[in-house]
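Below: the structure, in structure tokens.
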Amino acid sequence: MNNKPPTFPQAGLNFLKNLKRNNDREWFQKHRPVYEESVKLPMIQLVEALAKEFEEFAPEIMASPKTSLFRIYRDTRFSKDKRPFKNHVAASFSVRGLDRHQGAGFYFHIAPTELWIGGGIYRPAADELRWVRDHIAENHGRLEKLVDARQFRRLFGELAGEQSSRMPRGYRSDHPAEHYLRHKDFLAARELAPAEATKPNFLKTLVESFRTMHPLIRFLNEPILPRRQERDRHDRFLSD
């Protein structure tokens, strides 16, 4: 029985590199067995391993191949770029009870040029952005401690994400959390060489990253989760 932790094989990286150069359906169909064995299966194994790890330090985070893995097929219906396939594989992990694009969660992708590991909130809906900003305005001291923690700084540097050029409406210009309130995204992210995904300690790298950013994820979800749950209850009541 193989008890080695899952990783992403070099053959999978080679497939993604070749797919980038041969992004058409005929080539993909011809090489589908390589995709199934060296890309899709390793990603399934990684997600299943992360599900077990999350049980220990982030039990509220959902991880399953069905809900976490992104399809490799691109949606080209409204795009001028008609290439049918993505050049990377990715997985995201959301809080139980929320949709993939709601709240803060974990994410990673493997591409021919990078391994990207991150988490937080990217392009939140207007209501979620307002809830998070209000939460930060009232609890900026807690956020400061989270992003100033030594391990967070070592792995991620600082809180990342696009920022507004000016203070958002509703907050005084000299607010002590001005730097954070101008954020449109709230992200912790690290970019590594793609070869890191093929190493035996890849799962350990993912777990270390997600464990370190987990306090930030919980902080960001504090104002979102109860409001989303209340809306769901209200919607169910109206539909009964």
query: Are any residues in region 9-45 out of contact with any strand residue (DSSP E or B) (no Cβ under 6 Å at 6 or more places or on another chain) and outside any helix (DSSP H, G or I), and if so, which ones?
result: P9, N22, D24, H31
task: From R142, R153, R130, grab the single residue that is open to solvent by 70 Å² or more (accessible area, probe 1.4 Å), part of a helix (DSSP H, G or I) and under 30 Å from V89 (Cβ atoms).
output: R153
message: Considering only residues that are in contact (Cβ under 8 Å) with a residue 24 or more places away in the chain, open to solvent by 80 Å² or more (accessible area, probe 1.4 Å) and over 19 Å from the mean Cα position of the chain (by Cα), which ones fall in region 194-233?
response: K199, P200, R227
- request: Give the residue that is modelled with the lowest pLDDT, with candidates limited to residues of region 81-100 that are farther than 21 Å from K17 by Cα, surrounded by 15 or more Cβ atoms within 10 Å (Cβ to Cβ) and in contact with a Ser or Thr (Cβ under 9 Å, 6 or more places away or on another chain).
  value: S94
field: region 161-178 residues that are farther than 16 Å from W131 by Cα, paired with ones that are in a loop (DSSP other than H, G, I, E, B) and among the small types (G, A, S) (beta carbon under 9 Å, 6 or more apart)
entry: R166/S173
- request: Among the residues of region 28-41, write down those that are open to solvent by less than 10 Å² (accessible area, probe 1.4 Å) and within 17 Å of A90 (Cβ to Cβ).
  value: V39
- prompt: Does any residue of region 189-200 turn out to be touching a Ser or Thr at 6+ places or on another chain (Cβ under 7 Å), within 26 Å of L129 (Cβ to Cβ) and not hydrophobic (A, V, I, L, M, F, W, C)?
  reply: yes
message: G103 - would you say it is assigned to a loop (DSSP other than H, G, I, E, B), on the phi > 0 side of the Ramachandran plot and open to solvent by 50 Å² or more (accessible area, probe 1.4 Å)?
response: no
field: Filtered residues of region 63-80 (kept if within 20 Å of T113 (Cβ to Cβ) and open to solvent by less than 50 Å² (accessible area, probe 1.4 Å))
entry: I72
message: Just to be sure I understand, how many residues within region 177-193 are open to solvent by 40 Å² or more (accessible area, probe 1.4 Å) and among the small types (G, A, S)?
response: 1
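The values are calculated or read from the model by the stated rules, or taken from the named source; none is laboratory data. As the structure is a prediction and not an experimental result, all values here were calculated from the model. Here Cβ is always computed from backbone atoms with ideal geometry, including for glycine, and neighbour counts include all displayed protein chains. Keep in mind that these areas ignore ligands, DNA and RNA; they rest on the heavy atoms of the full protein, side chains included. Shrake-Rupley method; radii C 1.70, N 1.55, O 1.52, S 1.80 Å.
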